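What follows draws every value from the coordinates through simple rules; no lab data is involved. The shown structure was predicted, so the numbers you read here are calculated from the model rather than taken from an experiment. Here the Cβ is made from the backbone with ideal geometry for all residues, glycine too, and neighbour counts use every protein chain on show.
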Amino acid sequence: MAATDSTQGMQGWLDSYSSDHQNPTNRLLHWICVPLILWCAIAMMWTIPVPPMIGRPGFWSVLALVLAFTWYWKKSRRLAAALFVVLVLLCLLTEFAYRTLGAHNLLLTGIGVFVVAWIGQFIGHAIEGRRPSFFTDLAYLLVGPAWLMDKLLRRVGI
């Protein structure tokens, strides 16, 4: 069954993602870069202007996270619950950064870290000798954080 099949369970997505990430250096770079990229995506969306009648800064970011969380929840409640905690913490961090740095500086910081983290990802894949998984299906952009969370939960016995 192809990973892009809508019936693919989370374990299938994780197994497919894992097969593209066998090199220890690439894995290490993913442990560093995936969380940074996730935070940058949240931070950059946090700075998108929001009409006051529909919400406040962060609205678009939280909306995107609700959609992502829905996908996680449908695939694995265990991973979704754990990722929910991480996503809330990242939102709290981003709100603090927004208030401290302001929208413009948060955006610039997000862009800078995003670029550096993606360079790290591509270096890892060059070392691995495989293309990033998201080149075959953009859903793998959601699988990366779930893959790391799955590994973390397994390490702590959950």
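The table for this structure:
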quantity	calculated
Environment charge at Val86 (Cβ cut-off 14 Å; Lys +1, Arg +1, Asp -1, Glu -1)	+1
Peptides 51-58, 110-117 ordered by average Cβ neighbours within 10 Å, highest first	110-117, 51-58
Nearest 10 degrees, 0 to 90: helix 59-75 Cα axis against the chain principal axis	20 degrees
Separation in nanometres of the label points that stand 7 Å from Cα toward Cβ, at Lys74 and Arg99	3.5 nm
Backbone HN-Hα couplings from phi across segment 153-158 [Karplus 6.51/-1.76/1.60, Hz, Gly and Pro as x]	4, 5, 4, 8, x, 10
Prolate/oblate/rounded call for segment 12-150, Cα gyration tensor, a/c under 1.5 rounded	oblate
Segment 83-158 versus segment 24-45: alpha-carbon centroid distance in Å	3 Å
